[in-house]
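Just below is one structure, and these are the notes that go with it.
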Amino acid sequence: MELLQSELNIGTLGHVDHGKTTLTKAITGVFTDRHSESIKRSMTIKLGYADAVIRKCENCDGPEAYTTSEKCANCGGEAKPIRRISILDAPGHEMLMATAIAGSSIIDAVLFVIAATEPCPMPQTKEHLMIINILGIKNIIIVQTKIDIVGKERAKEHYNEIKRFVKGTIAENAPIIPVIASKNINIDVLLKAISEIKIPERDLNADPLMYVARSFDVNKPGTEIDALLGGVVGGSIIRGKFKKGDKIEIRPGINISKDNKKEEYKPIITTIRSISTSMGEIEEALPGGLIALGTGIDPSFAKADNLVGNVVGLVNKLPPQTNELNLEYHMIERDDIPKQALREDEPIILGIGTATAIGFVKSIKKNKIHVLLKHPACVDKNIKIPILRNISQRWRLTGYAVPM
Ligand SMILES: Nc1nc2c(ncn2[C@@H]2O[C@H](COP(=O)(O)OP(=O)(O)OP(=O)(O)O)[C@@H](O)[C@H]2O)c(=O)[nH]1
Ligand SMILES: [Mg+2]
């Protein structure tokens, strides 16, 4: 297995504190909550990211043959790499729904984490299943965590609660795998299930499109100007492929607004100087696991996730950029929030790929709405756009929209 880029981008979703980041660490060995605010508040705030290689021992059978170490835990023999994966760890806090939606826009499969210590479903367990459903993420593994804290009886009861909750939904037939994430117990069973996920068919011949999920300045403070590396954008390719040397356009680009009245953006035109994954540098990147594009742009433009929500394509090949959208709105049936029709001039939050866009509903005709965006966005015509509305001072997922 030569490939250095992960074949699958797998996201975590689930209610706050249910063990998503702990599970990510159990699989990848990487603790992704490194952001200072995350450490202080011991919760995930930004999308976390780590890669892993799933290996299999050829001499053993069953789940115990699956591991991420080079040696089989069962017989001590060599475990051969069979699949490279990326994990994108989302936050569960209700205030961070938009971040969970952004992450979900670029994943191929989901680890839907549900802790046995609380009744199922908790509010964000419900809302995250709505995201999975809206975005049509069909590869779902339900991971039942914290089974060590509850007794065997309660774990069984909780399993039945999960079964009832997912009945009739997109997750109805998803496997439910119990684990103790904090002690690495039953992770081999999960690795086996992950290694069996079918890799989605990719459109490699289309004009490439990447959604930016992170961006950074990789230079150490005090680096000499001549040695400075350009800004880096990280994300996932939705279709097509990029190679080193490609001339690219990043949109909407850099905010050049002079005052608060009107937001103005300047697209970035640059060249891909390097492509890397956490496993090393590559020449060409495909859809799947997260990649980082080294560019020729001023690193300060990319620092501290400044370019999250941008899209990357070849020059003049991006979906059209716009400040106005004509959408068809579909409401989700929810029994836990008041049923209210959209109002003219109502502010809404739209999840457009990895971009969290603020918009205002300008006009409504039945379920056709015209929305003005505060910031421009490049909108692919085939996407589903989850919509959050402010209901009783909280941003709640109330439906989704599709471009007309
Ligand atoms: N006993 C036990 N504790 C666990 C298990 N999984 C996670 N925890 C603990 O639960 C707490 C929360 O875990 P996190 O992994 O941070 O939860 P999270 O879902 O990432 O939380 P947010 O990102 O803030 O939504 C931590 O103290 C973990 O050590 C488990 O299987 N068993
Ligand atoms: Mg977390």
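The values are calculated or read from the model by the stated rules, or taken from the named source; none is laboratory data. Note that the structure is predicted; figures quoted are calculated from it, not measured. Reconstructed Cβ throughout: ideal geometry from the backbone, glycine too, with neighbour counts over all protein chains shown. Protein only, heavy atoms only, side chains kept; ligands, DNA and RNA dropped before computing areas. Shrake-Rupley method; radii C 1.70, N 1.55, O 1.52, S 1.80 Å.
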Worksheet, complete the sentence: Here, SER182 and LEU204, labelled 7 Å along Cα→Cβ, have an inter-label distance in nm of 4.5 nm
Discussion item. On a 1.4 Å probe surface of the protein chains, which of LEU111, LEU318 comes out largest in accessible area, and what is the full order?
Written reply: LEU318, LEU111
Item to complete: Mind listing the long-range amide H neighbours of PHE242? Cut-off is under 5 Å, sequence gap 5 or more, other chains count too, H placed in the peptide plane at 1.01 Å from N.
Response: ALA285
Item to complete: Please arrange MET122, MET97, MET404, MET279 by accessible surface area, largest first, computed with a 1.4 Å probe and ligands excluded.
Response: MET404, MET279, MET122, MET97
Worksheet entry | the chain - mean residue ellipticity at 222 nm from DSSP helices (-39,500 (n - 2.57) per run, n ≥ 4, rounded to 500) | -4500 deg cm²/dmol
Discussion item. Cβ neighbours within 10 Å, averaged per peptide: list 283-296, 235-248, 189-202, 148-161 in order, most packed at the top.
Written reply: 283-296, 235-248, 189-202, 148-161
Fill in: Gain upon complete extension [ASP148, SER392; 0.36 nm per residue less C-alpha separation]
84.2 nm
Worksheet, complete the sentence: One finds, for LYS381 and GLU64 with R0 = 51 angstrom and r their Cβ-Cβ distance, a FRET efficiency to the nearest 0.05 of 0.60
Item to complete: Could you provide, to the nearest whole Å², the per residue accessible area of the chain with probe 1.4 Å?
Response: 48 Å²
Item to complete: Determine the alpha carbon to alpha carbon distance for each of LYS241/LYS366; LYS163/LYS241; LYS198/LYS241 and list only those over 29 Å.
Response: LYS241/LYS366; LYS163/LYS241
Worksheet item: What is the magnitude of the charge dipole of the stretch 91-178 about its Cα centre, with +1 placed on the Cβ of each Lys and Arg, -1 on the Cβ of each Asp and Glu, and no other charges, expressed in debye to the nearest 20?
Response: 220 debye
Item to complete: Can you give me the three principal axis dimensions of the chain from its C-alpha atoms, in Å, biggest first?
Response: 63, 57, 42
Worksheet entry | Percent RCO, i.e. relative contact order, over the stretch 299-370, from Cα pairs under 8 Å lying at least 6 residues apart | 32 percent
Item to complete: May I ask which residue of ALA26, GLY48, TYR66 lies farthest towards the positive end of the charge dipole of the stretch 21-82, with charges of +1 (Lys, Arg) and -1 (Asp, Glu) on Cβ and the Cα centre as origin?
Response: GLY48
Response to the item:
Projected onto the charge dipole of the stretch 357-404 (unit charges on the beta-carbon of Lys, Arg, Asp and Glu, signs +1, +1, -1, -1), the Cα from ASN382, LEU397, ALA357 with the largest positive-side position is that of LEU397
Discussion item. How large is log10 of I(q)/I(0) for the stretch 335-404 at q = 0.17, 0.18 Å⁻¹ when the intensity is taken from the Debye formula with one equal scatterer per alpha-carbon?
Written reply: -0.60, -0.68
Worksheet item: Counting Lys +1, Arg +1, Asp -1, Glu -1, what net charge surrounds CYS57 among other residues with beta carbon under 15 Å of its beta carbon?
Response: 0
Worksheet item: Rounded, prolate or oblate: which one fits the stretch 262-319, using the alpha carbon gyration tensor with axes a ≥ b ≥ c (rounded when a/c is under 1.5, else prolate when a/b beats b/c, else oblate)?
Response: prolate
Discussion item. I'd like to compare 301-313, 339-351: which one has the highest average count of other Cβ atoms within 10 Å, and what's the full order after that?
Written reply: 301-313, 339-351
Discussion item. Given R₀ = 35 Å, what would the calculated FRET efficiency be for LYS126 paired with ALA304, taking r from the Cβ atoms and rounding to 0.05?
Written reply: 0.60
Worksheet item: So for the pair SER42, MET95, with labels modelled 7 Å out along Cα→Cβ, what separation do we get in nm?
Response: 1.8 nm
Item to complete: Quick one: dipole size for the stretch 319-404, taken about the Cα centre, charges +1 on Lys/Arg Cβ and -1 on Asp/Glu Cβ, in debye to the nearest 20.
Response: 80 debye
Discussion item. How many angstrom lie between the Cα centre of the stretch 184-206 and the Cα centre of the stretch 211-275?
Written reply: 30 Å
Practice prompt. Calculate, axis by axis, the spread of Cα positions in the stretch 118-183 along the three principal axes, and write the results as whole Å, longest axis first.
Written response: 34, 22, 21
Item to complete: Report the charge-dipole magnitude of the chain in Debye, nearest 20, computed about the Cα centre from +1 at each Lys and Arg Cβ and -1 at each Asp and Glu Cβ.
Response: 780 debye
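For the chain, what relative contact order do you get, as a whole percent, if you take Cα pairs closer than 8 Å and at least 6 residues apart?
Value for the chain: 15 percent.
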Fill in: Where a label projected 7 Å from the Cα of SER195 along Cα→Cβ would reach, residues of the stretch 99-125 with amide N under 14 Å
none
Discussion item. I'd like the FRET efficiency for ASN160 and ASP226, computed as 1/(1 + (r/R0)^6) with the beta carbon distance as r and R0 of 60 Å, rounded to 0.05.
Written reply: 0.40
Worksheet entry | With every protein chain in place, the chain: carbon and sulfur % of accessible area (1.4 Å) | 49 percent
Practice prompt. Return the single residue from THR271, THR21, THR99 with maximal mean-square fluctuation; model: Gaussian network over the chain, springs between Cα atoms under 10 Å.
Written response: THR271
Discussion item. Suppose each label sits 7 Å from its Cα in the direction of the beta carbon; what would the ASN260-GLU172 distance come out to in nanometres?
Written reply: 5.1 nm
Worksheet item: Cα to Cα, under 18 Å, and not fewer than 8 places away if on the same chain: which lysines meet these conditions relative to LYS258?
Response: LYS266, LYS374
